Every structure is written in C-alpha cells, then in structure tokens.
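This report concerns only the one structure given below.
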Amino acid sequence: QLVESGGGLVQAGGSLRLSCAASGGIFRSYAMGWFRQAPGKEREFVAAISSSGGITNYVHSVKGRFTISRDNAENTVYLQMNSLKPEDTAVYYCARCIRRDWPSDRSTDYDYWGQGTQVTVSS
C-alpha cells in the first residue's frame, strides 16, 4: 500500500514536500517514482529513484526545481518541489517500479500506485 501526503495550495514560486509512505514489503527492494496528472491531460512521469537512492531520473521540466529522495528505514519516498509554477498543478501519484536499479520513466514499469495528492499552484 502506498499513501501520499503533503499536497496543497501554494503560490507560484513556493515550495511543497510530498511524502509517500509504503508498506515495507513493497518498498525497499524497488525503484520508486512520482507521476502527475493535470485535468484533461495524460498522466506524466515526474521523477524516480533507484532502490538504493543512488540513481535518480527527472522529466526535463522539473530538473533543478524538484528533488526526489527516499528513506528506506522509514519506508518513505519524498518529492521536494521548489520554485513551483502554475503548470505544476496536478494530482501527484507515487508508484512502485518493477525494476530495482533503474528508475524508469515509463508508467508501464510501475505496478503499485497510491491514491494521489492534489497540488495546486496559483499565479
């Protein structure tokens, strides 16, 4: 089970940190990722991290603004979002990747998904 938290309403330029708490059995041995879906748009990849945390992968539009990290002792993955823009508004989902060492950007490589948390950035 994956449970996201930390979403909310923030002004452009602000920051939010999303958290995704996972059941231990489905977390530590797998890469984890964040995706988002804006109204009327398809779900898109945002960021992912390998099981050890040593490899990360970001969509170009968030590079330098978002940071993904994980705490395997706490079974939690984070997404620190800085310099938020209105176009970052979406429901954000965390998911478990079927690959251990490669943080894939393909949604078909993910098998468990959380329920999502809303992020709204006002201009």
- Only one of these is over 15 Å from LEU84 (Cα atoms) and aliphatic (A, V, I, L, M): ALA38, ALA12, ALA21. Name it. ALA21
- Message: Exactly one of these conditions fails for GLY64: (1) open to solvent by 50 Å² or more (accessible area, probe 1.4 Å); (2) touching a strand residue (DSSP E or B) at 6+ places or on another chain (Cβ under 6 Å); (3) part of a loop (DSSP other than H, G, I, E, B); (4) not hydrophobic (A, V, I, L, M, F, W, C). Give me its number.
- Response: (2)
- Out of all the residues in the stretch 81-99, is one or more surrounded by fewer than 17 Cβ atoms within 10 Å (Cβ to Cβ) and either in a strand (DSSP E or B) or touching a His at 6+ places or on another chain (Cβ under 8 Å) (or both)? no
- Selection status of GLY13, over 15 Å from the mean Cα position of the chain (by Cα) and within 25 Å of ASP101 (Cβ to Cβ): no
- Message: Quick check on the stretch 12-29. Is at least one of its residues open to solvent by 30 Å² or more (accessible area, probe 1.4 Å), assigned to a helix (DSSP H, G or I) and closer than 18 Å to TRP113 by Cα?
- Response: yes
- Note on the structure: Here the qualifying pairs (Cβ atoms under 9 Å; residues six or more apart or on different chains; first in the stretch 51-69 and on the phi > 0 side of the Ramachandran plot; second acidic (Asp, Glu) and open to solvent by 30 Å² or more (accessible area, probe 1.4 Å)) come out as GLY53/ASP71
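The values are calculated or read from the model by the stated rules, or taken from the named source; none is laboratory data. Source: prediction; values computed, not measured. Positions of Cβ are backbone-derived with ideal geometry, glycine not excepted, and every protein chain shown enters the neighbour counts. Ligands, DNA and RNA are excluded from the accessible area calculation, which covers all protein heavy atoms including side chains. Shrake-Rupley method; radii C 1.70, N 1.55, O 1.52, S 1.80 Å.
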